[in-house]
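First up is the structure itself, then whatever we jot down about it.
Just so it is clear, none of the values below were taken in a lab; they were calculated from the coordinates. What you see is a predicted model, and the numbers here were worked out from it, not measured in a lab. Positions of Cβ are generated from backbone atoms using ideal geometry, with glycine treated the same way; all protein chains shown enter the neighbour counts.
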Amino acid sequence: MKTVDMSVEPRQVRSIFLSDIHLGTRGCQADRLLDFLRHHEAEHLFLIGDIVDFWAMSRGIHWTTTQNTVVQKVLRAARKGTRVVFVPGNHDEALREYVGITFGDIQLEHDWVHQAADGRRYLLLHGDEYDQVTRYHRWVAVIGDVAYNALVRINGWLSWMRRRLGISGYWSLAGYAKRKVKTAVNFIFDFEDSVIHGARERGVDGVICGHIHWAALREVDGLTYVNCGDWVDSCTAILEHLDGRLELVEWRGRQTAPAPLPVETAAGSEDEALAAADPVLAAQGFFRRSKIGSSGR
């Protein structure tokens, strides 16, 4: 197992786009996300839905010290001048009641139009509004969520067993199921077509979303379709470089590759201090109302 050299300076980018972190659940890979955040600094940080999983937390809260440190890291970035915009998804939809408000220097918006350094305009939204199951058959979506979480937990046990047996590489049971189940694949492509159509109607150059835990970055008939993926299974993010170029990153440490591997990190003194805070108080601080935010729509 490779140890990351924490003396390396963070990578400077213009924007970071994250979705589907699912804080508050066992499946959240907060340790890998924290490692990613330690290695990147940005002018803009966009949190595009399902950052905190209130659905799962209604059944039982699993909030670790590392998840708390992720929240503190985001709050600290906002205090130090990073523009942080949070677009709620269906799992944290309760926050949609507070759209237009700023919590702890974090802007809460229904959607957002981001202009990249190259002048291209991207519509940012979670995407659940284009999911017919989530919109009209919520009970089916809840059952699907429970089943997906079960797959993720089973995958954790399988990963542990593979490591014990000395089998290298990362294999995702949830990802395998999505690739093999025809209806799931059809749903993904129907979702993408709907999101692209909606973005085209808004007159933007592209769309950046989440929701389906299926990372993507490609051109579709002159419009850029981007999906951030998730931090439960694939650990993916979208970066905007200083020239406006977008990059899809699957995180496995300072170096990136298609197959993510577990990474050991040495916690910095700053993050150890942040982690010492109480998780419940940190959550309250994350959603503390402070001032009115401006809209980018």
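Do any trypsin sites (Lys or Arg not before Pro) in the stretch 50-81 lie in a DSSP loop with no more than 13 other beta carbon atoms within 10 Å, and if so, which?
Hits after loop and neighbour filter: Arg59, Lys80.
Which value results for Rg/Rh of the stretch 34-109 when Rg is the Cα radius of gyration and Rh the Kirkwood radius based on the inverse mean 1/r?
0.97
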